[in-house]
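Take a look at the structure set out below.
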Amino acid sequence: MSTVLEYDTVILGGGPAGLSAGIYAARGAGNVAIVDISMFGGQPSNYLELENYPAFPIIGGYDLMEKMEEHADKFNVNKYPMEEIQKVDLVSNPKVIETLTHTFKAKSVIIATGAQPRKLGVNGEKEFVGRGVSYCAICDGAFYKDKVVAVVGGGNAALEEAMYLTKFATKVYVIHRRNEFRADKIVQNLAFKNEKLEFVYDTVVNEILGEDTVKSIKITNVKTNEVSSLDVDGIFPYIGFLPNTDLINGQIAQDSNGFIITDETMETSIKGVFAAGDVRVTPLRQVITATSDGAVAAVYAGKYVEALSNAEVEVQEPVANN
């Protein structure tokens, strides 16, 4: 039987948005808990280095998230990592989050579950995950020492991870479906100077081939329709992200890709439910914007809880004088 726990605010997700929300909620004297299906840190824990987080000209992703978690510990934020979430009910009051071991009841909820890498959706991708298909260069790059790999994508992540892979691989193809990259110019300039990178424009991946491991990929030029193949030992797709919203789909307003729609206070279409970070509709997905979202969401979740408490006091029957 699961243990029932009651909180003012329950935060789903322990990445930068969730930890920031926890810090702000706890500083506002809220009774707050952070629940995550894995260890805390989120996507940034896998980043080798960050160069755009203020006050840290360069810092390891894991190191930064460790500091954030330590900051949350300073304010005694209740943490529940490795909780397998079974059900989330955002409509009821209080809100209910059920895991295998706990039932959390909360006056307000902040969804900070982040996003996951978008898949290519081609034959061979699923079959070769862990055997040549990877979505984390930092995690698996060392396995490709003196080998040839391909990175698919045209944003900052694609080019940055491609450059990281050149520390191990002898050659890295960067395959992009357009004729120019979306990455920041400073990132592009660094990539173009890297002699181990070869850029394949106007091209998509059709199939991943191999035996026990990846041996090649089939590609098509979208302008000429020419089909060819590249001999590679691994492929790293970096073509965007999909929100981690499986447990809440249909309960709140989302866009066509499933990202949660919020207002400027991070509140969703349900009163008392907020969203922060990569899981919501936002023009920029960076660690700094996630932490900012978390702060805003926590402050307004606190205001919601306070208003709720005041309303409850107002409707109480007056005590008769004897």
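The values are calculated or read from the model by the stated rules, or taken from the named source; none is laboratory data. Small disclaimer: the values here were computed from a predicted structure and weren't measured. Cβ placement follows ideal geometry from the backbone for every residue including glycine, while neighbour counts extend to all protein chains displayed.
Of all residues in the range 164-176, how many are assigned to a helix (DSSP H, G or I) and more than 18 Å from Pro117 (Cβ to Cβ)?
0
In the range 133-160, how many residues are within 21 Å of Thr213 (Cα to Cα) and either part of a loop (DSSP other than H, G, I, E, B) or of a type outside the set (Val, Ile, Thr) (or both)?
14
Identify all residues within the range 69-93 that are outside any strand (DSSP E or B) and in contact (Cβ under 8 Å) with a residue 60 or more places away in the chain; write none if there are none.
Pro81, Leu90, Val91, Asn93 - these are the residues of the range 69-93 that are outside any strand (DSSP E or B) and in contact (Cβ under 8 Å) with a residue 60 or more places away in the chain.
Checking the conditions here, which among Val287, Val305 is outside the structural domain of Asn156 (by TED's automatic domain parsing), within 22 Å of the chain's Cα centre (by Cα) and either at pLDDT 95 or above or of a type in the set (A, V, I, L, M, F, W, C) (or both)? Give the steps one after another, and end with the answer.
On the way: Val305 fails: within 22 Å of the chain's Cα centre (by Cα).
None of the other options fit; the residue is Val287.
Going by what's in this entry, would Gly210 be described as farther than 15 Å from Gly240 by Cα, small (Gly, Ala, Ser), without any contact (Cβ under 8 Å) to a residue 24 or more places away in the chain and in the same structural domain as Asn225 (by TED's automatic domain parsing)?
Criteria not met by Gly210.
Taking the condition under 30 Å from Phe274 (Cβ atoms), touching a residue at least 60 places away in the same chain (Cβ under 8 Å), within 25 Å of the chain's Cα centre (by Cα) and surrounded by fewer than 18 Cβ atoms within 10 Å (Cβ to Cβ), does Arg182 pass?
Considered against the rule, which asks whether it is under 30 Å from Phe274 (Cβ atoms), touching a residue at least 60 places away in the same chain (Cβ under 8 Å), within 25 Å of the chain's Cα centre (by Cα) and surrounded by fewer than 18 Cβ atoms within 10 Å (Cβ to Cβ), Arg182 comes out as no.
Give the range 187-201 a look and list any residue that's over 14 Å from Val232 (Cβ atoms) and either in a strand (DSSP E or B) or over 24 Å from the mean Cα position of the chain (by Cα) (or both), or say none.
Correct list: Asn189, Leu190, Ala191, Phe192, Lys193, Asn194, Glu195, Phe199, Tyr201.
Answer yes or no as to whether Ala297 is in contact with a Phe, Trp or Tyr (Cβ under 6 Å, 6 or more places away or on another chain), within 22 Å of Leu90 (Cα to Cα) and not assigned by TED's automatic domain parsing to the domain that holds Phe143.
So Ala297 fits the description; yes.
For the range 170-177, state whether one or more residues are within 25 Å of the chain's Cα centre (by Cα) and over 27 Å from Glu226 (Cα atoms).
So far as the range 170-177 goes, no, none of its residues is within 25 Å of the chain's Cα centre (by Cα) and over 27 Å from Glu226 (Cα atoms).
Quick one: is Val232 under 14 Å from the mean Cα position of the chain (by Cα) and not polar (S, T, N, Q)?
no
Is it the case, given these coordinates, that Leu64 is part of a helix (DSSP H, G or I), surrounded by fewer than 22 Cβ atoms within 10 Å (Cβ to Cβ), in contact (Cβ under 8 Å) with a residue 60 or more places away in the chain and not aromatic (Phe, Trp, Tyr)?
Taking the combined requirement at face value, the residue satisfies it.
State all residues of the range 118-152 that are surrounded by 22 or more Cβ atoms within 10 Å (Cβ to Cβ), under 16 Å from Gly240 (Cβ atoms) and out of contact with any helix residue (DSSP H, G or I) (no Cβ under 8 Å at 6 or more places or on another chain); if no residue qualifies, say none.
none
Go through the range 185-202 and report how many residues are free of Cβ contacts under 8 Å to residues at least 12 places away in the same chain and not β-branched (Val, Ile, Thr). I'd like the intermediate steps shown before the answer.
So in the range 185-202, the residues free of Cβ contacts under 8 Å to residues at least 12 places away in the same chain come out as 185-186, 189, 192-193, 195.
Within this subset, residues satisfying the condition of being not β-branched (Val, Ile, Thr) are 185, 189, 192-193, 195.
The number of residues fulfilling the criteria is 5.
Kindly indicate the residue of the range 104-122 that is out of contact with any Asp or Glu (no Cβ under 6 Å at 6 or more places or on another chain), among the small types (Gly, Ala, Ser) and in contact (Cβ under 8 Å) with a residue 40 or more places away in the chain and also nearest to Ile239 (Cα to Cα) among those meeting that condition.
Restricting to residues being out of contact with any Asp or Glu (no Cβ under 6 Å at 6 or more places or on another chain), among the small types (Gly, Ala, Ser) and in contact (Cβ under 8 Å) with a residue 40 or more places away in the chain, the top hit is Ala112.
Given the criterion crowded, with 16+ Cβ neighbours inside 10 Å and more than 20 Å from Ala290 (Cβ to Cβ), identify the matching residue among Leu5, Leu100.
Leu5
For the subset of the range 204-238 comprising residues that are out of contact with any Leu (no Cβ under 9 Å at 6 or more places or on another chain) and among the polar types (S, T, N, Q), which member is surrounded by the most Cβ atoms within 10 Å (Cβ to Cβ)? Before the answer, list the steps.
Taking the range 204-238 and keeping what is out of contact with any Leu (no Cβ under 9 Å at 6 or more places or on another chain), we get 206-207, 209-214, 220-228, 230-233.
Remaining after also requiring among the polar types (S, T, N, Q): 206, 213, 220-221, 224-225, 228.
Details: Asn206: 15, Thr213: 13, Thr220: 17, Asn221: 15, Thr224: 9, Asn225: 7, Ser228: 11.
The qualifying residue surrounded by the most Cβ atoms within 10 Å (Cβ to Cβ) is Thr220.
Any chance the range 20-30 includes a residue that's surrounded by fewer than 18 Cβ atoms within 10 Å (Cβ to Cβ) and in a loop (DSSP other than H, G, I, E, B)?
Yes.
Being of a type in the set (Asp, Glu), within 22 Å of Asn46 (Cβ to Cβ) and exposed (fewer than 14 other Cβ atoms within 10 Å of the Cβ) is the filter here; which residues of the range 239-298 pass it?
Selection gives Asp246 alone.
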